[in-house]
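Readers should treat all values here as calculations from the given coordinates under stated rules, not as data from a laboratory. The shown structure was predicted, so the numbers you read here are calculated from the model rather than taken from an experiment. For neighbour counting, all protein chains shown are included, and Cβ atoms are generated from backbone atoms with ideal geometry for every residue, glycine included.
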Amino acid sequence: MHSRTKLTVRYAETDKMGIVHHSVYPVWYEIGRSDYVKMFGMTYSQIEQAGVMMPLTNLNCHFTFPAKYEDNIIVRTKVIMLSAARITFTYTVKRINEDKTETELGYGVTEHGFIDKDTFKPCNVKKRLPELYAKIKATL
């Protein structure tokens, strides 16, 4: 199961050549992650209100073709690994062409840990958020 987040490249996301700067992709991944979690009936804010934070522990981006100003983009997000202590997301970034076909522009992976928002120590998300954990785990 994956989420599909539609975006339009903004001028501020591009460099002088009109190409999306590489630093924008992790921001798009974050938007995709938020949309992915919402599919399971919970927002990132609600996860944090439950006392759990998900700091980034690893980020990997691969670029194939450039995204450009005003391109219509889809970020496909899915979880490929979930444990009580960690979660790994993958992302595929595609351009929606005028003929409605899609061109893959790149992909990425982020890894996150689950920590207690007050102590910043690792926590067991399976115990803290059992319903969310079970819903995501069922998609793997």
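Numbers at a glance
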{"read-out": "Lysines whose Cα lies under 19 Å from that of residue 38, excluding same-chain neighbours fewer than 8 positions away", "value": "6, 78, 126, 135, 137"}
{"read-out": "Qualifying chymotrypsin sites (Phe, Trp or Tyr not before Pro) for segment 33-140 [loop in DSSP, other Cβ within 10 Å: at most 14]", "value": "120"}
{"read-out": "Computed label-point distance, nm, for sites residue 119 and residue 70 using a 7 Å Cα→Cβ extension", "value": "5.4 nm"}
{"read-out": "Rounded to 5, percent antiparallel among DSSP beta bridges of the chain", "value": "100 percent"}
{"read-out": "Segment 1-97: GluC sites (Glu not before Pro) in DSSP loop, at most 13 other beta carbons within 10 Å", "value": "70"}
{"read-out": "Trypsin sites (Lys or Arg not before Pro), loop per DSSP, at most 16 other Cβ atoms within 10 Å - longest free stretch of the chain", "value": "17-99"}
{"read-out": "Added length on full extension, which subtracts the Cα-Cα distance from 0.36 nm per residue, residue 12 to residue 44", "value": "9.0 nm"}
{"read-out": "Two-site FRET efficiency, residue 21 against residue 128, from Cβ-Cβ distance with R₀ of 41 Å, rounded to 0.05", "value": "0.70"}
{"read-out": "Alpha carbon Rg of the chain, scaled by the compact-globule rule 2.2 N^0.38 Å", "value": "1.12"}
